[in-house]
Structure formats: C-alpha cells, structure tokens
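Let me begin by presenting the structure, written as structure tokens, before commenting on it.
The values are calculated or read from the model by the stated rules, or taken from the named source; none is laboratory data. Quick caveat, the model's predicted, so the values are computed rather than measured. When we count neighbours, we look across all protein chains shown, and the Cβ atoms used for this are built from the backbone with ideal geometry, even at glycine. For accessibility, only protein heavy atoms count, side chains too; no ligands or nucleic acids. Shrake-Rupley method; radii C 1.70, N 1.55, O 1.52, S 1.80 Å.
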Protein chains: 2
Amino acid sequence: MSLTYRIAILTDLVEIIEMLADDQLGRAREKLESPLPESYLQAFQLIAHDKQQELTVVEDEGELVATFQLSFLQYLTYQGGIRAQIEAVRVKSTYRGQGIGREIFQYAIQRAKTRGAHVLQLTTDKKRPEAKRFYESLGFVDSHEGMKLHFG
Amino acid sequence: MSLTYRIAILTDLVEIIEMLADDQLGRAREKLESPLPESYLQAFQLIAHDKQQELTVVEDEGELVATFQLSFLQYLTYQGGIRAQIEAVRVKSTYRGQGIGREIFQYAIQRAKTRGAHVLQLTTDKKRPEAKRFYESLGFVDSHEGMKLHFG
C-alpha cells in the first residue's frame, strides 16, 4: 500500500462525511443525507479558505481511505509559537487494522514540523483506552486533561 | 470591580507578554526583553489578522488585569460545527484571588455561544488539580485525555 496525501476538494465531501458518520460516535452526530445538508458545504468552504486549516484526504491507488484535519494555531506563548492540532481522523472501515492510522500520524508529525509548529496536540475520549495507547506509542504524552463544555 | 473586554491591540503586547511570563511555566517558556523579541510581534500580527482568533484583554478602570485567547475552529464534524478553544489565560498576579478567572470564563462561554460554537474546550496540565476543579465548577467535563507531542 502506497498512501498519498492531498488537501480535500469539494467533490471529496460526500465520501468524507460518510467516513465521519461511520463510527459509533459519528452516527449520532452526523446527518448523512442526499443531498448533503447545507451546513456541511458551508463548513467545507470556510475550512478550504482558511490557511491555518488543512482538511486532508488520504488515497491508496485513487481510492479515498482516510481523512483528518490539521489546524495550525498561532499563539503568543512559547515566544510566538504555533501549535498544530489534529482532529476528525477517520480511516475507512474496510481499511482499518492495516497500519494506516500510524502512517497518517507520521505524516501529520512531519507536516506540523514543516509548518513550524513546536507541538502536535489532540484530545482523545477516555472511553477509548486503546486509542490512548496508540498515541503513546507515537510519542504523545497524556500530560493534560481534555475538558469540554458542551452547550445545550 | 467592573471588568471590560476588548480585542488586544499592538500597544498591549508588552503587558500581555509580562502576564504570560509571570508564572512558573511561563518563566521558562517566554523571553521578556526590551525591545520584545521580534517573534512576539510577528505572532501578534498573525493573530490580529485572523478572524478565527480573538486575543482578548480584560481591563478594570483602564488597567489591564487579564488576558486570554479564544479560537474558533471550523470542522465538518457535528454537521459542520464550530469548536471554541481557550488558551493562554492569565490574570495579573496582583489581581488573583478576586474571582476574575470565573468572570473571564463566563464571558468566554457567552462569546463562544455568540460565535455559534457548540462546545468550549481547553486542556489543563494534570499537575494543577486545583485548575481542573475550577473548570469543573464552571461545567467543564474531563471526558478526554489531552495528549501532546513536543518537538525536540
């Protein structure tokens, strides 16, 4: 398997939403209809026009096999440092268990360094201890609590 | 005390960096010199020109008493939802213990709702259990691990 990475374009959107909806948490959160709800298109356009966002798709021989979103957050802290943040990582269900997740993270780490970030960060649900072990195997440290305040 | 909130301007920068440098973690990370290192100015300009960032200062009777940075992150997940994220929160040392932190977070929650976010999130160092309790008292849930991979 030889994976290639590129920034997502509008014609990828349905397949990306299919991937986002295809897990236990995603099924409850997403709305996979045809045509796709307008809110996804609006969100896509905002992401695509934001230079600090890289909504990325991963292909294997022309087929979409995974997606993730990298954000580059400029702060004053760390002498004006940039934090890279990764979110919405999904591997297509038929492609799981083949090491694609690990390859994606190795790519994301390199990409974060190329963009001048001093850290790559993410939060992972405590209900998924196997995910935490996966991130630790990549060098991530669980030094922080990830706290969320969801609005009603 | 009647706090007012506004977006930071360039002439606030030295005072903001003084606040960022004035704690145990900040002292090691920041470089408080006169003139201020160029990296802070460059970072400030990038933040100021990014509509998804709100570097905010808090004043009491014309004096700067606190700062924080709110980021609004557009994702496809949650049907094209926006996540608000708060970072780099500092209250000037002489103003601590007066409930300013709580007021700031109440403001940040309202601001996040106004910008259409569905969640306000942050990560807090596990070495600061009192900070975690403070966030819990505001309604935050420690549902996630905050994982960081710092580059060499």
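For B:V58, the conditions (1) at pLDDT 95 or above; (2) facing chain A (nearest Cβ under 10 Å); (3) within 16 Å of the chain's Cα centre (by Cα) are fulfilled apart from (2).
Mind counting the residues in the range B:110-127 that are facing another protein chain (nearest Cβ under 9 Å) and either in contact with a strand residue (DSSP E or B) (Cβ under 6 Å, 6 or more places away or on another chain) or without any contact (Cβ under 8 Å) to a residue 40 or more places away in the chain (or both)?
From the range B:110-127, those facing another protein chain (nearest Cβ under 9 Å) are B:112-113, B:117-127; that's our starting set.
Narrowing the set further to residues that are either in contact with a strand residue (DSSP E or B) (Cβ under 6 Å, 6 or more places away or on another chain) or without any contact (Cβ under 8 Å) to a residue 40 or more places away in the chain (or both) leaves B:112-113, B:117, B:119-127.
Result for the range B:110-127: 12.
Go through the residues of the range B:78-97 one by one and say whether even a single one is within 30 Å of A:L25 (Cα to Cα), in contact with a Gly (Cβ under 6 Å, 6 or more places away or on another chain) and of a type in the set (G, A, S). Checked against the condition, which is being within 30 Å of A:L25 (Cα to Cα), in contact with a Gly (Cβ under 6 Å, 6 or more places away or on another chain) and of a type in the set (G, A, S), the range B:78-97 yields no hits at all. Scanning the range B:73-126 for residues that are polar (S, T, N, Q) and either open to solvent by 20 Å² or more (accessible area, probe 1.4 Å) or within 24 Å of A:F68 (Cβ to Cβ) (or both) gives B:Q74, B:T77, B:Q79, B:Q85, B:S93, B:T94, B:Q98, B:Q106, B:Q110, B:T114, B:Q121, B:T123.
Summed over the range A:1-30, residues that are at pLDDT 95 or above, farther than 17 Å from A:E54 by Cα and open to solvent by 80 Å² or more (accessible area, probe 1.4 Å) total 1. Among the conditions (1) within 30 Å of A:S39 (Cβ to Cβ); (2) among the polar types (S, T, N, Q); (3) not in a helix (DSSP H, G or I), the only one that B:T124 does not satisfy is (1).
Applying the criterion of being under 17 Å from A:G152 (Cβ atoms) and not in a strand (DSSP E or B) to the residues of the range B:127-151, the residue that is least open to solvent (accessible area, probe 1.4 Å) is B:F140.
When A:S71 is tested against (1) over 30 Å from B:V14 (Cβ atoms); (2) free of Cβ contacts under 8 Å to residues at least 24 places away in the same chain; (3) not hydrophobic (A, V, I, L, M, F, W, C), only condition (1) is not met. Within the range B:94-109, not a single residue is within 7 Å of chain A (Cβ to nearest Cβ) and of a type outside the set (A, V, I, L, M). Count of the range A:31-52 residues, restricted to those that are open to solvent by less than 20 Å² (accessible area, probe 1.4 Å) and touching a strand residue (DSSP E or B) at 6+ places or on another chain (Cβ under 9 Å), is 3. Scanning the range A:82-101 for residues that are charged (D, E, K, R), under 13 Å from the mean Cα position of the chain (by Cα) and either more than 11 Å from A:M19 (Cα to Cα) or assigned to a helix (DSSP H, G or I) (or both) yields one hit, A:E87.
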